[in-house]
1. On the given criteria, is ARG19 out of contact with any helix residue (DSSP H, G or I) (no Cβ under 7 Å at 6 or more places or on another chain) and either under 24 Å from ARG92 (Cβ atoms) or small (Gly, Ala, Ser) (or both)?
2. Consider only pairs whose beta carbons are under 7 Å apart and that are at least six residues apart or on different chains; among these, list those whose first residue lies in region 50-64 and is more than 25 Å from ILE87 (Cβ to Cβ) and whose second residue is at pLDDT 90 or above and not in a strand (DSSP E or B).
3. For region 20-109, give me every one of the strands (runs of 3 or more DSSP E) that falls completely inside it and has 1 or more residues that are more than 28 Å from the chain's Cα centre (by Cα) and of a type outside the set (Lys, Arg).
4. Cβ-Cβ distance below 8 Å, separation of 6 or more or different chains: which pairs start in region 73-84 with a residue that is within 18 Å of ARG38 (Cβ to Cβ) and end on one that is part of a helix (DSSP H, G or I) and of a type in the set (Ser, Thr, Tyr)?
5. Regarding GLU88, is this residue surrounded by 11 or more Cβ atoms within 10 Å (Cβ to Cβ) and closer than 22 Å to ALA7 by Cβ?
6. How many residues does region 29-45 hold that are without any contact (Cβ under 8 Å) to a residue 12 or more places away in the chain and surrounded by 12 or more Cβ atoms within 10 Å (Cβ to Cβ)?
7. Looking only at region 12-28, which residues are surrounded by fewer than 12 Cβ atoms within 10 Å (Cβ to Cβ) and not polar (S, T, N, Q)?
Amino acid sequence: MATPKLAIEELRAKDRQLRPALTQVGEMRPGSLVQSYRKCGKPTCHCARRGDRGHGPLWMVTRERDGKTISRAIPAGPAVERTRAQIEEYHRFRALARDVVDTSEQICEARLEEFKAGTPAELKRNSTGRDPVRRSRRRDRKPPRLAGGGGD
């Protein structure tokens, strides 16, 4: 098993590798790309025949924003492939961001364990023997009132 100090260094090295990857993220968009067909409603159109899929394909990218569903039509052709790539890039970004957060959280937890063990220099007591973080109670109190009522 690795020592806590070694584990922190390994986590920090992983963090240094992940963060630059975030800057390499390209065009991205959240959502789902959906293909659909529709029927126009004209009784003489081919789409009115039994078993016909209808007009299309029609492409939509759909996502949620502030609790509402937003849909945007995507023209058929190269725009569909570009949108698909943007959605994949968004998923890659989310995975990278999740890895950065997870690694950072592990570093924070390891640092917390150091504090519990009392090893960091920040926990060392100063020459007076008092904890440097703890304040005197007198500073937190209001100054004493002067005798005699002393109004302004």
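1. No: the conditions fail for ARG19.
2. Filtered contacts from region 50-64: ASP52/HIS46.
3. Filter on region 20-109 gives 32-38, 55-65.
4. Matching pairs, first to second residue: ILE74/THR83.
5. no
6. Of the residues in that region, 1 qualify.
7. ALA13, ARG16, PRO20, GLY26, GLU27
The values are calculated or read from the model by the stated rules, or taken from the named source; none is laboratory data. Bear in mind the structure is a predicted one, so any value in this text is a computation, not a measurement. Cβ sites come from the backbone with ideal geometry, for glycine too, and all protein chains shown count toward neighbours.
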